[in-house]
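First comes the structure, then the notes that go with it.
Quick note: the coordinates plus some simple rules give every number you see, no bench work behind them. Here the structure is a predicted model, which means the values were calculated and not measured. We place every Cβ from the backbone using ideal geometry, glycine too, and count neighbours over all the protein chains shown.
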Amino acid sequence: MTDKALAVGDTDVFIPVSINEETCIGCNLCVMVCQPDVFVPSIDPGGVPVVLYPSECWYVGDCVDVCPVPDCIALHVMDKNKVIWKRKESGEEFQLS
Amino acid sequence: MTASQAQFDWPYPIKWGEEQRVDTDVLVLGGGIAGCWAAIAVARNKGTAVTLVEKARTIRSGAGGSGCDHWEHAVTNPCCPLTPEEITQAQIDSNDGYNNGISHYIEAKEGYDRLLDLEKMGGKIRDTEDEFEGAEFRDEKTKLLFAYDYVNRYTIRTWGTTFKPALHAECRRLNVGILDRTMVTALLTEDGKQGGRVVGAVGFHVHTGRFVVIRAKASILCTSRPSRLWLFTPDLAGISEFRPMQACGDGHAISWRVGAEFTMLEKAVRAEWSGARSFPPYGTGNTHNTWYPCNMVDATGRELPWVDRDGNTLETTADRCRPAPGQKFFLKGGGETWFQKYEFLGPDLPPTEELIRMGYKLPFYADLSSLPEMERKAIWGLMIGEESKTKIPIKRMYEDAGFDPSKDQLRSYGDSWWSAKFKPSERQFFGLPGGLVNNWELRTNLEGLYAAGDTLFASDCHGHAAATGYYAGRHAARYAMSAQEPMIDENQVQRERKSTYAPAKREKGIAWKDLNVSITKIMQEYCGAVKSDELLTQGLNVLQDLREGEGASVFARNPHELMRSLEVLNILTNAEIVIHSSLVRKASCKQLHFMRSDSTEMDPPEWHKFMVVSRNGHGVRLRELPIDYYAPMGENYEKHNQDYIRENSI
């Protein structure tokens, strides 16, 4: 065992959460709160965290809740989970986008 | 940067092989709801040091870390006419005795005390802003809000997103030593012997890899229940099961290895929820749990009829929240049996097949818009917003996309709250599965080892975790005050250190996900819906091959992967416990969802008992417990809790 360790991210999986690189302030609160440890902090101090293990996301949204910058972190829904609802008066159907 | 193709140096400082030593009086393993309450109880016992070890971050960790929309069985609240004896006995009877009479009595007796405690810490438990003034489910004097049975008022609607930060702050205020992002990998026993007094634990930091050795007079397992034994989807690993990945039953595996006793692990229901196939929890139209007592309509907008236990149509929403004529109370909520008895059966919709036969057209929808305003606000505003996985993925995201509960009808995708169908061989620990055996101190069979929350057999829900956590903390603290200094066996520490780091020492091998897939395939094949001695024995042999083959070559490139690898090796151990538990029950049992092909008789009376298994060397020890081993509940509770009773009567 050496002192080295490698971060190897999940590949070719659905990405459940994204961080707006323009508005992220690099506070790492999302990294701190995430229960399954989906994120790792950027190697650059103050940089944008990396979504390293997207397949392990629990879809709870604590990262969205704790983020101090409005709309900086977005949770995404898989197409197959986009629930339908119907407006009662018009009968018009909508789907979670 | 997204994850795709990401590969770079591990961003945390690597401390493989470095060692941290901690001395404490009481060690709490797991910082979810039960764990935080256990730590608080110990810390309130003046002069008793407590250390809490949590695999994630205590501020939001555990299955209930993000919220709690209702608190069950709080019968000592001032608005409830029931007694702890009545509600606990009903839960026992409704499960034909296969239930934990101790832990559920504690839940009923002390659950409301914990809610009041939470309020003092800053948690919100009542309608202080008078948002629901005048609602039938609100008590105007206490401002408490109730769910399900509005006559007997034993379930309280809560603002549970406030709970975990409040518990975390209280732990900090009481100087609980918190080791976050630390996975416990083994328990330590006196002289390193199986069956000996538990004197601490070892583990490692899941970011740095640093090894930790904790010496403790008493330890409390608050490590949830096993998962991912039959269900695992590699690309959506985090939602393979209902609970978070971290809660996968590490405590079961590590305590099995040192000789702890388990019961009821032969009980696994046909799977109810898995994220790869189900819709997000509480995110589709239904009438159960959080969504009770919602209106439902069919595709043409025709309202589906609610009926009482005798099939009588219930005309109003309020009628769905009252017991039937001649019925004192009904049971609703988490952990409810599939085979509810007439005595406790509550209002519901007729089964879907019957509704179709009656001419109702699919698909069905939940129609919040036609509910009385207060009911609509209680379901969508309060409960869908305060439950563990609803605030962001359901309430905020649906509303951002334009969903309006006062105008829209939400699609239902299956029977009850289910939104996917599973094969009979796909099992899951849902409701009241097995776990560690406990006495009236919530101690296990091992001296120095206590358990709480879902780690206990036949356990479920937030209030239960809180009440049993606090209770176990009290008793562990009392034991620690008079216990002898614990002696750690350094040979055992070195053995466990080697075992912990083994996957990180390999440069190549099997990835943890592949090993988890193998376990689920074996469990579906050899320990699925229908069991037999031959199948189960073959299953044990195949699992042993897996342990010696792929299990011995699982590898990790950093501390996070090491955590996942060791979790799956624990899942492998849990699979073995389940098969051992299944092997010793030789007759089929309906309430345990346990079917054998080599025993034709269902529920023969001589098998109405708890089968208890523990590891004995490399074999298994079996003993039996009477189905009511904990009786009489009230008398035993009083005998073991005089201090608490005295303090609370002042």
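Brief remarks on what is shown
- Cα-based helix-to-principal-axis angle, B:490-505 vs chain B, degrees rounded to 10: 70
- Normalised by the number of residues in segment B:245-404, the average gap of Cα pairs under 8 Å and 6 or more apart makes the relative contact order 25 percent.
- Mean Cα-pair separation over length for segment B:182-261, i.e. relative contact order, pairs under 8 Å, 6 or more apart, %: 28
- Eligible aspartates and glutamates near residue A:86 by straight Cα distance, threshold 18 Å, same-chain separation 8 or greater: B:298, B:303, B:367, B:399, B:400, B:404, B:408
- Taking segment B:567-582 and a reference point 7 angstrom along Cα→Cβ of residue B:620, the backbone N atoms nearer than 15 Å belong to B:572-582.
- Placed amide H near residue B:124: partners under 5 Å, 5+ positions off or other chain: B:159, B:162
- For segment B:25-83, averaging the sequence separation of C-alpha pairs within contact (under 8 Å, six or more residues apart) and dividing by the residue count gives a relative contact order of 34 percent.
- A simple count of charges around residue B:419, restricted to other residues whose Cβ falls under 12 Å of its Cβ and scoring Lys, Arg +1 and Asp, Glu -1, yields +2.
- Simple spin-label estimate for residue B:489 and residue B:143 in nanometres, 7 Å along Cα-Cβ: 5.7
- Our Cα-only numbers for the protein assembly as shown put the radius of gyration and Dmax at 24.8, 74 Å.
- On Cα atoms only, tilt of B:533-548 relative to the major axis of chain B in degrees: 50
- Segment B:329-395: trypsin sites (Lys or Arg not before Pro) in DSSP loop, at most 14 other beta carbons within 10 Å: B:341, B:361
- Along segment B:555-561 the Karplus relation, 6.51 cos²θ - 1.76 cosθ + 1.60 evaluated at θ = phi - 60°, assigns HN-Hα couplings of 10, 9, 9, 6, x, 5, 5 Hz to successive residues, with x for each Gly and Pro.
- Set of lysines near residue B:609 by C-alpha distance (under 21 Å), chain-local residues within fewer than 8 positions excluded: B:267, B:341, B:531, B:586, B:590
- Estimated 222 nm signal from helices in chain A, with DSSP H stretches of n ≥ 4 weighted -39500 (n - 2.57), rounded to 500: -2000 deg cm²/dmol
- Applying a threshold of 18 Å to the alpha-carbon distances of B:120/B:332; B:421/B:513; B:55/B:164; A:88/B:332; A:82/B:521 flags B:120/B:332; B:421/B:513; A:88/B:332; A:82/B:521 as lying beyond it.
- For residue B:407, neighbours were defined as the other residues whose beta-carbon sits under 14 Å from its Cβ, and their charges (Lys and Arg +1, Asp and Glu -1) total -4.
- Degrees separating the helix B:462-482 axis from the principal Cα axis of chain B, which is the longest one: 40
- Peptide B:404-413 shows a mean partner chain C-beta count of 4 within 10 Å per residue C-beta.
- With a threshold of 22 Å on the Cα-Cα distance, the over-threshold entries among B:141/B:377; A:4/B:505; B:361/B:423 are B:361/B:423.
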